[in-house]
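The values are calculated or read from the model by the stated rules, or taken from the named source; none is laboratory data. Fair warning: this is a prediction, and the values are worked out from it, not measured in the lab. A quick note on method: Cβ atoms are made from the backbone with ideal geometry, for glycine too, and the neighbour counts reach across all protein chains shown. The area values use the complete protein model at the heavy-atom level, side chains included, leaving out ligands, DNA and RNA. Shrake-Rupley method; radii C 1.70, N 1.55, O 1.52, S 1.80 Å.
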Amino acid sequence: MPSSPSRTARIRFVLVGTQHPGNIGAAARAMKTMGLSRLVLVAPEKPLDEVAYRRSAGAEDVLGDAPVFAALAEAVADCRLVLGCTARSRRVQLEELLPEVAGQRAVARAAEPAEVAFVFGRERTGLSNDELQLCHAAVHIPSNPEFSSLNLAAAVQVLAYEVRMAGLEGVAPAPAGPGHGEAAASHAQVEGLFGQLGDTLEQIDFHKGRAPESAMRKLRRLFMKAELSEQEVRLLRGILSDAQRMARLATDGKN
Ligand code: SAH
């Protein structure tokens, strides 16, 4: 069955901190077999070498075209949906999706059109909590709980397959996204909201001596799950600006 390239062209696969160049080559091959070509690298431990090209087995184009970024936030700044693949189930306070659901959601969002990223972690340690915090949801391949970690390129293969299945012509894209026809907020816009939310909570003395991290983690989770539109981000930031103004007035009044 033909797969429409336009359905998956806005979907990128991001490999973070990969330790073995051979795995990057094997991941490029896995992607190409499923009609995907947008491989992105974040701070690989070693540069691409002969092993990487050999393991790509004919997907040198995918490998050679892969841009390299210093940090995950830069690699996904323009994305409206970021899905973090994790070998350990329920490790993070994020909505957890099955690969099939993740593939459908990715294809539906890409059709809006919007940029979408699947993110894969390091062979030894996976993705850090900070990196997972940049994701809207986690994707876990429901593997053997006692032996849950797939080889990086094998995990890429599973997700690439699901993206291909969801993108096949004749398969209606599942509805997803913010709805109401509004454009989804970009990653950078949502991070801007979190920055202002963090400042506002300090200014209104929300934490009262408690460490701010726990509340911020829960709030991030809440807003990531909501997949905010640009208009919703503007509305929330407007409310925060007013709260910040009132907090300033209250402080000035006391002095
Ligand atoms: N020891 C690491 C495993 C890393 S495997 C850990 O415990 O986190 C390298 C990457 O492959 C992971 O970061 C993840 O992106 C992907 N991966 C491996 N197994 C997976 C699974 N069962 N579900 C989803 N992604 C998986």
Worksheet item: Restricting the first residue to the stretch 237-255 and requiring it to be assigned to a helix (DSSP H, G or I), which pairs with a second residue that is of a type in the set (S, T, N, Q) meet a Cβ separation below 7 Å and a spacing of at least six or different chains?
Response: 237/196; 240/196; 240/200; 243/200; 244/200; 244/203; 247/203
Worksheet item: Which condition does residue 108 not pass, out of (1) farther than 20 Å from residue 219 by Cα; (2) within 13 Å of the ligand (Cβ to nearest atom); (3) not in a loop (DSSP other than H, G, I, E, B), if it passes all the others?
Response: (2)
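Let's see how each residue does on (1) at pLDDT 90 or above; (2) open to solvent by 50 Å² or more (accessible area, probe 1.4 Å):
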site: 205; (1), (2): yes, yes
site: 208; (1), (2): yes, yes
site: 218; (1), (2): no, yes
site: 224; (1), (2): no, no
site: 227; (1), (2): no, no
site: 238; (1), (2): no, no
site: 246; (1), (2): yes, yes
site: 252; (1), (2): no, yes
site: 255; (1), (2): no, yes
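Listed here are the residues, each with its yes/no results for (1) surrounded by 18 or more Cβ atoms within 10 Å (Cβ to Cβ); (2) more than 25 Å from residue 6 (Cα to Cα); (3) in the same structural domain as residue 9 (by TED's automatic domain parsing).
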| position | (1), (2), (3) |
| --- | --- |
| 62 | yes, no, yes |
| 104 | yes, no, yes |
| 118 | yes, no, yes |
| 122 | yes, yes, yes |
| 125 | no, yes, yes |
Item to complete: List every residue pair whose Cβ atoms lie under 8 Å apart, where the two residues are 6 or more positions apart in sequence or sit on different chains, the first residue falls within the stretch 49-62 and is assigned to a helix (DSSP H, G or I), and the second residue, located anywhere, is among the hydroxyl-bearing types (Ser, Thr, Tyr).
Response: 60/53; 61/37; 62/37; 62/56
Item to complete: Quick one: count up the residues across the stretch 111-163 that are touching a helix residue (DSSP H, G or I) at 6+ places or on another chain (Cβ under 7 Å) and away from the ligand (no atom under 13 Å from the Cβ).
Response: 6
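For the stretch 135-159, name all the residues that are in a loop (DSSP other than H, G, I, E, B) and either over 20 Å from the mean Cα position of the chain (by Cα) or surrounded by fewer than 24 Cβ atoms within 10 Å (Cβ to Cβ) (or both). Don't jump to the end; show me each part of the working.
Going through the stretch 135-159, the residues in a loop (DSSP other than H, G, I, E, B) turn out to be 135-136, 140-151.
Selection gives 140, 141, 142, 143, 144, 145, 146, 147, 148, 149, 150, 151.
Conditions (1) assigned to a loop (DSSP other than H, G, I, E, B); (2) within 30 Å of residue 221 (Cβ to Cβ); (3) small (Gly, Ala, Ser), marked per residue:
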| residue | (1), (2), (3) |
| --- | --- |
| 15 | no, yes, no |
| 19 | yes, yes, no |
| 47 | yes, no, no |
| 104 | no, yes, no |
| 112 | yes, yes, no |
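Only one residue in 38, 54, 88, 29 is open to solvent by 60 Å² or more (accessible area, probe 1.4 Å) and modelled with pLDDT under 95. Which one?
Values: 38 fails: modelled with pLDDT under 95; 54 fails: modelled with pLDDT under 95; 29 fails: modelled with pLDDT under 95.
Matching residue, one of 38, 54, 88, 29: 88.
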Worksheet item: How about the stretch 69-105: which of its residues are within 19 Å of residue 164 (Cβ to Cβ), within 11 Å of the ligand (Cβ to nearest atom) and more than 13 Å from the chain's Cα centre (by Cα)?
Response: 98, 99
